[in-house]
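Structure first, then comments.
The values are calculated or read from the model by the stated rules, or taken from the named source; none is laboratory data. From a predicted model like this one, the values you see are computed outputs, not experimental measurements. With ideal geometry, Cβ positions are generated from the backbone for all residues, glycine too; neighbour counts draw on all protein chains shown.
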């Protein structure tokens, strides 16, 4: 980057997972050609981006050249094959949204269409028994995909992680500083702007003036740069996602060590359970319109698997996103860009994708408005796609046991979500736009898991004889079952490959 108009310095404002993911990725990609400085204060508490991810984080770590076992040892991490949802469709019901494919494909129509044909006659087992990523975690079993076994469900295992977010930030800080990132401790007291509105410099509380060409706002929900200074605006989604409070508390680890997150719906929200090597992370996300903080805390503490190891921490948030993510020479990453509750562990993915998109649109010092506009359009679409998938969980419930769930069941939803639900309700069709995060299998598992059975199915699924279809389905189920039984227990796999060397300091878990 020796051109006259090149960006020569990047200032990341804020640490935590978003800040250090940004700093680490920029240090790797820019390879010393740009000065990178990160500002953070130990006095400012961080919300963090949680302790559960989706499989995309494996790609981020791989791009950094991070060894997976080293990462898990450093963060007290465990593996995640999906999320179990309890009491969402109706009280007493549960299903797993697993990563990866459901069933084995046929040339004509998707697997689930044959399953629907038989399910509509009451002749199938639950959908989760036909996929290894939903069957294995229920039995606390895990292994990495066997890439040498093409055609076997063992080759299709997909995984993500549970980890201590503060330890991950520490891990990335070490990585970034080894590659030249300079950290500055302190708080920003004042933001200077050029006449054109671009950020010129940051005045620290100790009097230091820090200049830069390109600023990355990782200041969390304060959105110090993109919101308070540049007035990006905010689109409030609380009418679709009514939860606005969370309480987080760690507790002692409980066995068996399940390779899945658990989300248990309560009367005015839901509780997360995230198993780590050294403890279990827990939290209660709820709506203050329908429940007070004291009641919410009591529900959380009553649902722990072990003794709490820290005091509960209360948080408030407003679900939605910034109206613009990139303005002038500043772009928001992480919670400064918006907050989507941790129901499907998407916050770290949104950080990852923001970083990848920034690198794709990395600016010259002129900061071309056309590039910035396209970045904002793509990021808006991404947030909107994730929002619709989260709203689906609330809308698609049959619960009528509380005012909260009556509100969710009866609320209007975004038009394209309504169309997607209607399309599935007719003949079980699910279509994914090329830029959507969640694949057809994810939509299928939530739609079916929460009780939306289509009225019909694809007519091509009626072409084979019934006996042939039943044999096909049963063969898939039995193969999956046999594969699960050869997998080691999740705890044994961790002990063999990536057990933490020492128990790390317990930190309060945060919502993603």
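Tabulated results
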read-out: In the stretch 34-54, residue nearest to residue 203 (Cα to Cα) [restricted to those that are surrounded by fewer than 23 Cβ atoms within 10 Å (Cβ to Cβ) and modelled with pLDDT of 95 or more]; value: 37
read-out: Complete set of residues in the stretch 59-95 that are in contact with a strand residue (DSSP E or B) (Cβ under 7 Å, 6 or more places away or on another chain) and surrounded by fewer than 20 Cβ atoms within 10 Å (Cβ to Cβ); value: 86, 94
read-out: 3 or more residues surrounded by fewer than 24 Cβ atoms within 10 Å (Cβ to Cβ): qualifying strands (runs of 3 or more DSSP E) within the stretch 283-387; value: 313-316
read-out: Entirely in the stretch 1-110, the strands (runs of 3 or more DSSP E) that have 2 or more residues that are within 30 Å of residue 487 (Cβ to Cβ); value: 78-80, 82-86, 94-98
read-out: Qualifying position, being buried (at least 19 other Cβ atoms within 10 Å of the Cβ), in contact (Cβ under 8 Å) with a residue 24 or more places away in the chain, not in a helix (DSSP H, G or I) and not assigned by TED's automatic domain parsing to the domain that holds residue 69, among 424, 438; value: 438
read-out: Options 207, 197, 227; residue that is farther than 30 Å from residue 84 by Cβ, assigned to a helix (DSSP H, G or I) and in the same structural domain as residue 71 (by TED's automatic domain parsing); value: 227
read-out: Only one of 489, 470, 417 that is at pLDDT 95 or above and touching a strand residue (DSSP E or B) at 6+ places or on another chain (Cβ under 8 Å); value: 489
read-out: Hits in the stretch 176-185 (condition: outside any loop (DSSP other than H, G, I, E, B), surrounded by fewer than 21 Cβ atoms within 10 Å (Cβ to Cβ) and in contact with a helix residue (DSSP H, G or I) (Cβ under 9 Å, 6 or more places away or on another chain)); value: 177, 178, 183
read-out: Members of the stretch 210-224 that are in a loop (DSSP other than H, G, I, E, B) and closer than 22 Å to residue 315 by Cα; value: 218, 219, 223
read-out: Residue match in the stretch 361-373 (condition: touching a helix residue (DSSP H, G or I) at 6+ places or on another chain (Cβ under 6 Å) and over 25 Å from residue 159 (Cβ atoms)); value: yes
read-out: The stretch 124-166: number of residues that are assigned to a helix (DSSP H, G or I) and farther than 30 Å from residue 42 by Cβ; value: 14
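Residue-wise test of (1) more than 29 Å from residue 13 (Cα to Cα); (2) buried (at least 18 other Cβ atoms within 10 Å of the Cβ).
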{"position": "195", "(1), (2)": "no, no"}
{"position": "205", "(1), (2)": "no, no"}
{"position": "217", "(1), (2)": "no, yes"}
{"position": "222", "(1), (2)": "no, no"}
{"position": "237", "(1), (2)": "no, yes"}
{"position": "240", "(1), (2)": "yes, yes"}
{"position": "250", "(1), (2)": "no, yes"}
{"position": "263", "(1), (2)": "yes, yes"}
{"position": "273", "(1), (2)": "yes, yes"}
